[in-house]
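Encoded as structure tokens, the structure appears first; notes follow it.
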Amino acid sequence: MNDVFIVEACRSAIGKRGKGLAGLKPADLLGAVQKGALDRSGIAPERIDQVVGGCVSQVGEQSFNIARVAWLSQGLPIEVAATTVDAQCGSSQQATSMGATMIAAGVEDIVMTCGVEMMSRVPLGSATKDASPMGESYAQHFQPTSQFTGAAMIAEEYGITRADTDQFGLESQTKAIEAWKEDRFAREIVGIEAPVLDGSFQPTGDFQSIDKDEGLRATTLEALQGLNAVPGQEIHTAGSSSQISDGAAAIIMASEKACQEFGLKPRAKIVATTLVGVDPVTMLKGPIPATRKVLARAGLSVEDIDIFEVNEAFASVVLGWQKDLNIDPSKVNVNGGAIALGHPTGSTGARLITTALHELERRKGKYALIAMCCGGGLGTGTIIERLD
């Protein structure tokens with residue numbers, strides 16, 4: 001098997017629902033980030049063998065193979081093929097695993113992986129609002145439930161309280177605010193020119209540069225304690241759940257041969273990846289077995305990992321994962337997570353890998369582990385190793 005190296009990773013800032021990025025079509029946002037990754041890497045676009053993208057709500061403006069539409073929207077070479085995959089919230093992380101596998105197998109030498117979700121324009125659940133794919137045969141095996149319910153079930157299983165989730169939400173915001181004060185995210189962000197919208201969600205004709213995450217909210221524990229719980233539970237609130245957001249991210253990976261041929265600098269190596277299935281009722285426990293499996297594949301332990309990026313879909317997901325695996329909280333989501341920054345579902349996996357890479361470089365760490373829970377009962381896992 002060939003080694004797989006990350007040579008570039010970048011993302012847009014994460015836009016708040018209805019705010020800075022909302023005037024862009026998904027293809028235009030993703031295309032701008034794809035082009036940004038190419039420009040930063042110095043790789044000629046025709047050298048990309050394939051593009052693999054992730055997107056959750058593949059309907060309307062995000063349909064028709066959005067990774068390919070985005071590429072073509074930038075006037076990039078028509079000969080470069082693209083595929084869009086759906087592994088729910090783990091879509092772009094799974095896209096990255098698939099791209100890495102192509103290089104490891106010797107099928108391709110340079111692959112771009114990416115993801116996008118414009119939840120302002122294509123709300124989560126749009127693909128199933130008129131009809132559910134879960135029929136009578138599914139119900140014979142599993143009772144369909146919501147992610148809210150799954151998060152509450154995890155909280156009950158691990159003895160996580162409302163006080164725990166409020167505290168976790170506060171810490172996510174505090175860490176993200178501090179990270180932006182220290183400009184830790186700036187290196188990973190591609191600035192986006194986006195239309196300014198009026199109060200009716202119509203373009204004014206003006207444009208604005210979006211280069212900072214919009215979800216940050218300075219808050220207090222008292223303010224979080226005063227929020228109402230999300231439907232169907234008493235554990236999570238808007239302050240301890242991921243934000244509805246807009247965003248895109250892209251990663252370029254290459255083989256050793258391609259790095260040598262084109263003078264590319266390997267920044268990190270993909271050590272191991274995985275996708276696991278879990279109970280689709282509790283639904284969100286995927287990071288636990290994904291972490292175990294990807295560590296076993298890498299021959300590493302939790303003590304070997306310098307930083308963890310585990311998606312903050314709900315506070316209980318990360319807290320339950322920490323308890324189950326006895327993870328040091330000081331290594332987890334060190335710059336905040338989706339509670340503070342936002343969770344544009346189809347792009348978050350690639351965003352987490354991007355952030356992990358840049359944070360490893362900032363602190364000169366060696367290993368990062370990235371894991372996500374996914375709707376329908378999946379878990380994604382990736383370990384990367386920073387290279388000097």
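Can VAL85 be described as over 18 Å from the mean Cα position of the chain (by Cα) and free of Cβ contacts under 8 Å to residues at least 60 places away in the same chain? Explain how you work it out, then say what you get.
Details: over 18 Å from the mean Cα position of the chain (by Cα): no; free of Cβ contacts under 8 Å to residues at least 60 places away in the same chain: yes.
It is false that VAL85 is over 18 Å from the mean Cα position of the chain (by Cα) and free of Cβ contacts under 8 Å to residues at least 60 places away in the same chain.
Considering only residues that are of a type in the set (A, V, I, L, M) and touching a Cys at 6+ places or on another chain (Cβ under 8 Å), look in region 247-270 and name the one that is farthest from MET98 (Cα to Cα).
Of the residues in region 247-270, the ones of a type in the set (A, V, I, L, M) are 248-254, 258, 264, 268, 270.
Narrowing further to those that are touching a Cys at 6+ places or on another chain (Cβ under 8 Å): 248-251.
Details: ALA248: 18, ALA249: 16, ALA250: 14, ILE251: 12 Å.
Among those that are of a type in the set (A, V, I, L, M) and touching a Cys at 6+ places or on another chain (Cβ under 8 Å), it is ALA248.
Take the residues of region 23-77 that are outside any loop (DSSP other than H, G, I, E, B), among the polar types (S, T, N, Q) and touching a residue at least 60 places away in the same chain (Cβ under 8 Å): which is surrounded by the most Cβ atoms within 10 Å (Cβ to Cβ)? Can you show your working first?
Of the residues in region 23-77, the ones outside any loop (DSSP other than H, G, I, E, B) are 26-41, 45-47, 50-54, 60-62, 66-73.
Then keep just the ones that are among the polar types (S, T, N, Q); that gives 34, 41, 50, 62, 73.
Add one more test, that the residue is touching a residue at least 60 places away in the same chain (Cβ under 8 Å), and what stays is 34, 41, 50, 62.
Numbers: GLN34: 31, SER41: 22, GLN50: 19, GLN62: 26.
Among those that are outside any loop (DSSP other than H, G, I, E, B), among the polar types (S, T, N, Q) and touching a residue at least 60 places away in the same chain (Cβ under 8 Å), it is GLN34.
Which residue pairs have Cβ atoms closer than 8 Å, lie 6 or more positions apart in sequence or on different chains, and pair a first residue in region 146-160 that is surrounded by fewer than 16 Cβ atoms within 10 Å (Cβ to Cβ) with a second residue that is among the polar types (S, T, N, Q) and not in a helix (DSSP H, G or I)?
GLU157/THR282
If we scan region 233-243, do we find a residue that is under 25 Å from the mean Cα position of the chain (by Cα) and more than 29 Å from ALA152 (Cβ to Cβ)? Talk me through it step by step, then tell me what you get.
Of region 233-243, the ones under 25 Å from the mean Cα position of the chain (by Cα) are 235-243.
Imposing the further condition that a residue be more than 29 Å from ALA152 (Cβ to Cβ) reduces the set to none.
Within region 233-243, none of the residues are under 25 Å from the mean Cα position of the chain (by Cα) and more than 29 Å from ALA152 (Cβ to Cβ).
Out of all the residues in region 355-365, which are in a loop (DSSP other than H, G, I, E, B) and crowded, with 22+ Cβ neighbours inside 10 Å?
Filtering region 355-365 down to residues in a loop (DSSP other than H, G, I, E, B) leaves 364-365.
None - no residue of region 355-365 is in a loop (DSSP other than H, G, I, E, B) and crowded, with 22+ Cβ neighbours inside 10 Å, so the list stays empty.
Within region 309-365, which residues are in contact with a strand residue (DSSP E or B) (Cβ under 6 Å, 6 or more places away or on another chain), without any contact (Cβ under 8 Å) to a residue 40 or more places away in the chain and not hydrophobic (A, V, I, L, M, F, W, C)?
Scanning region 309-365 gives a single hit, LYS331.
Only one of (1) more than 23 Å from THR380 (Cα to Cα); (2) touching a residue at least 40 places away in the same chain (Cβ under 8 Å) fails for SER132. Which number is that?
It fails just one condition, (2).
Evaluate the following for SER91: is it among the hydroxyl-bearing types (Ser, Thr, Tyr), crowded, with 19+ Cβ neighbours inside 10 Å and touching a residue at least 40 places away in the same chain (Cβ under 8 Å)? If you could, list the steps in order and put the result at the bottom.
Details: among the hydroxyl-bearing types (Ser, Thr, Tyr): yes; crowded, with 19+ Cβ neighbours inside 10 Å: yes; touching a residue at least 40 places away in the same chain (Cβ under 8 Å): yes.
Considered against the rule, which asks whether it is among the hydroxyl-bearing types (Ser, Thr, Tyr), crowded, with 19+ Cβ neighbours inside 10 Å and touching a residue at least 40 places away in the same chain (Cβ under 8 Å), SER91 comes out as yes.
Can you say whether PHE142 is touching a Gly at 6+ places or on another chain (Cβ under 6 Å), of a type in the set (A, V, I, L, M, F, W, C), farther than 30 Å from ALA37 by Cα and at pLDDT below 95, as far as the supplied structure shows? Give the steps one after another, and end with the answer.
Numbers: touching a Gly at 6+ places or on another chain (Cβ under 6 Å): no; of a type in the set (A, V, I, L, M, F, W, C): yes; farther than 30 Å from ALA37 by Cα: yes; at pLDDT below 95: yes.
Against the criterion (touching a Gly at 6+ places or on another chain (Cβ under 6 Å), of a type in the set (A, V, I, L, M, F, W, C), farther than 30 Å from ALA37 by Cα and at pLDDT below 95), PHE142 does not qualify.
Just one of the numbered conditions (1) assigned to a strand (DSSP E or B); (2) in contact (Cβ under 8 Å) with a residue 40 or more places away in the chain; (3) surrounded by fewer than 17 Cβ atoms within 10 Å (Cβ to Cβ) is not true of GLU117; which one?
(3)
Working carefully through the options ALA100, ALA105, find the one that is surrounded by 17 or more Cβ atoms within 10 Å (Cβ to Cβ) and more than 15 Å from the chain's Cα centre (by Cα). I'd like the intermediate steps shown before the answer.
On the way: ALA105 fails: surrounded by 17 or more Cβ atoms within 10 Å (Cβ to Cβ).
Going through ALA100, ALA105 in turn, just one is surrounded by 17 or more Cβ atoms within 10 Å (Cβ to Cβ) and more than 15 Å from the chain's Cα centre (by Cα): ALA100.
For region 134-150, check the following and say yes or no: at least one residue is assigned by TED's automatic domain parsing to the domain that holds VAL332 and of a type in the set (Asp, Glu).
For region 134-150, residues assigned by TED's automatic domain parsing to the domain that holds VAL332 and of a type in the set (Asp, Glu): absent.
So is LEU352 part of a helix (DSSP H, G or I), buried (at least 21 other Cβ atoms within 10 Å of the Cβ) and touching a Lys or Arg at 6+ places or on another chain (Cβ under 7 Å) or not? Spell out how you get there, then give the answer.
Working: part of a helix (DSSP H, G or I): yes; buried (at least 21 other Cβ atoms within 10 Å of the Cβ): yes; touching a Lys or Arg at 6+ places or on another chain (Cβ under 7 Å): no.
No; evaluated as a whole, the condition is false for this residue.
Read through the list (1) in contact with a strand residue (DSSP E or B) (Cβ under 8 Å, 6 or more places away or on another chain); (2) modelled with pLDDT under 95; (3) within 30 Å of ASP86 (Cβ to Cβ), then give the number of the only condition that LYS129 fails.
The one condition LYS129 does not meet is (1).
Of all residues in region 124-179 being part of a helix (DSSP H, G or I) and of a type in the set (Phe, Trp, Tyr), which is nearest to ASP279 (Cα to Cα)?
Here the residue is TYR138.
Residue-wise test of (1) out of contact with any Lys or Arg (no Cβ under 6 Å at 6 or more places or on another chain); (2) free of Cβ contacts under 8 Å to residues at least 60 places away in the same chain.
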{"site": "ILE177", "(1), (2)": "yes, no"}
{"site": "ASP183", "(1), (2)": "yes, yes"}
{"site": "ILE192", "(1), (2)": "yes, no"}
{"site": "GLN202", "(1), (2)": "yes, yes"}
{"site": "ASP211", "(1), (2)": "yes, no"}
{"site": "GLU214", "(1), (2)": "no, no"}
{"site": "VAL230", "(1), (2)": "yes, no"}
{"site": "ILE235", "(1), (2)": "no, no"}
{"site": "ALA238", "(1), (2)": "yes, yes"}
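Between GLN202, GLN243, GLN208, which is touching a His at 6+ places or on another chain (Cβ under 7 Å) and closer than 30 Å to ASP28 by Cβ? Full working, then the answer.
Working: GLN202 fails: touching a His at 6+ places or on another chain (Cβ under 7 Å); GLN208 fails: touching a His at 6+ places or on another chain (Cβ under 7 Å).
Result of the check over GLN202, GLN243, GLN208: GLN243.
So how many residues does region 247-305 have that are in a loop (DSSP other than H, G, I, E, B) and among the small types (Gly, Ala, Ser)?
Of the residues in region 247-305, the ones in a loop (DSSP other than H, G, I, E, B) are 255, 263-267, 278-286, 299-301, 305.
The next check asks that each one be among the small types (Gly, Ala, Ser); those that pass are 255, 263, 286, 299, 301.
Selection size over region 247-305: 5.
The values are calculated or read from the model by the stated rules, or taken from the named source; none is laboratory data. Because the structure is a prediction, the values reported are computed rather than measured. Virtual Cβ from ideal backbone geometry, glycine too; neighbours counted across all protein chains shown.
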